[in-house]
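Readers should treat all values here as calculations from the given coordinates under stated rules, not as data from a laboratory. For clarity, every value in this text was computed on a predicted model and none was experimentally measured. With ideal geometry, Cβ positions are generated from the backbone for all residues, glycine too; neighbour counts draw on all protein chains shown.
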Amino acid sequence: MADIHQLAQMFKELDDQLVGCMRCGMCQAVCPVFAQSGREADVTRGKIALLEGLANEMLTDPEGVNDKLNRCLLCGTCQANCPSGVKVMDIFLKARAIMTGYFGLSPVKKAIFRGMLKNPRLFNMLIDMGSKFQGVFTKKQDDLLGSSCARFNAPVIGDRHFTALADKPLHKIVPELNTPAGKSGIKVAFYVGCVIDKIFPHVGQAILEVLERHGVGVYMPKGQACCGIPVLSSGDTDTFNTLVGMNVDVLRSGEYDYLVTGCASCTSTIKELWPTMYKGASARQFDIANIARKTMDISQFLVDVLKVAPREGGGRTVTYHDPCHLKNGLGITAQPRNLIRAAGCEFKEMNEAGTCCGCGGSFNLAHYELSKKIGGRKADNVVASGADIVATSCPACMMQLTDMLSRKKAGIGVKHVIELYADGCR
């Protein structure tokens, strides 16, 4: 729990940012949660009104405050469309940090965040064990999508159609790399991320294959930890600071021109949140700023730096879902679409391609029924596009799309854009 001085400073920072909201209601028009619930408390304007009396609300109705703050996908759509330029994500992350600093973490989150994520070797070992025994509790649901479901009613899993843990994580397939630049003259650091490592290692392998094909050297060090977005979203700034510090210490040891990731959330976190939200050792601030400056999404790197160009289609018909952290946070929309075309695929734009799929990390766990409604709308748009495959640039979105399309028995595949490009290069 934070001390009174830390809380006072957090309240001051929050108050300074709240004054920018004009209550115009633009956020109401674009919020995916409000579109399903119709509740004013679910939209940014309503939450900001709550935060203006946060100190009193924390004492009178702490559970109500937590519920309202957590009924948010942190998709950034409101911030991207705010005419006043209010830094909504900063406000909500600080508000959650205040709540956690005052009340502490739940025992479950404390065990996961501080017991597992803070200890990458233990985390890897437990996940490796889980992958070996998951078949006892799960069964294959959809061969095309590779989704599974529970053999019996189980906590968290419920009736989801989920993507199972990989038999072998990427850190076991490729423990580390440090290869020189080839014909491109460029060397990159590859930040893997938890979901690619443990659930979609084939996406990581596709990234490495493409980089090698283009003559790009790769620095992929051991000891990479979670980027920190799950803990920061839950207000655990102490664990966030620790995770950022661990990653910076392994990444600053190499020499590279860019840092690439295949995860929209990791890209956004490293580029935007590491520099602004890290409150650890000041000696790391320079390295954090340097790493953030070099960080790029893999499609952005291939299209903008390597100048990969679209080619004539005629292959599989593909539509694209924009991950919120790329579109709303970093403005990256054209590059993934160009990469799909560069793979030789026939591209078809879906309706509402830029709206949230409803995952939102822990939002999907805490508010699954609401997440499912938002995701169902996205799945309907995928089906209506007439595409054979829906591609995206975020492994968490891949999991949500797999769940929603598997439920509909749509017969539509879910791929990362880099998988399509790797296939097209073979």
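Of the helices (runs of 4 or more DSSP H) that lie entirely inside region 330-426, those containing 3 or more residues that are free of Cβ contacts under 8 Å to residues at least 60 places away in the same chain and surrounded by fewer than 24 Cβ atoms within 10 Å (Cβ to Cβ) span 334-342, 368-385. The lone criterion from (1) at negative phi; (2) in a loop (DSSP other than H, G, I, E, B) left unmet by A97 is number (2). Filtering region 306-324 to residues that are crowded, with 19+ Cβ neighbours inside 10 Å and under 15 Å from A353 (Cβ atoms) leaves V318, T319, Y320, H321, D322, P323, C324.
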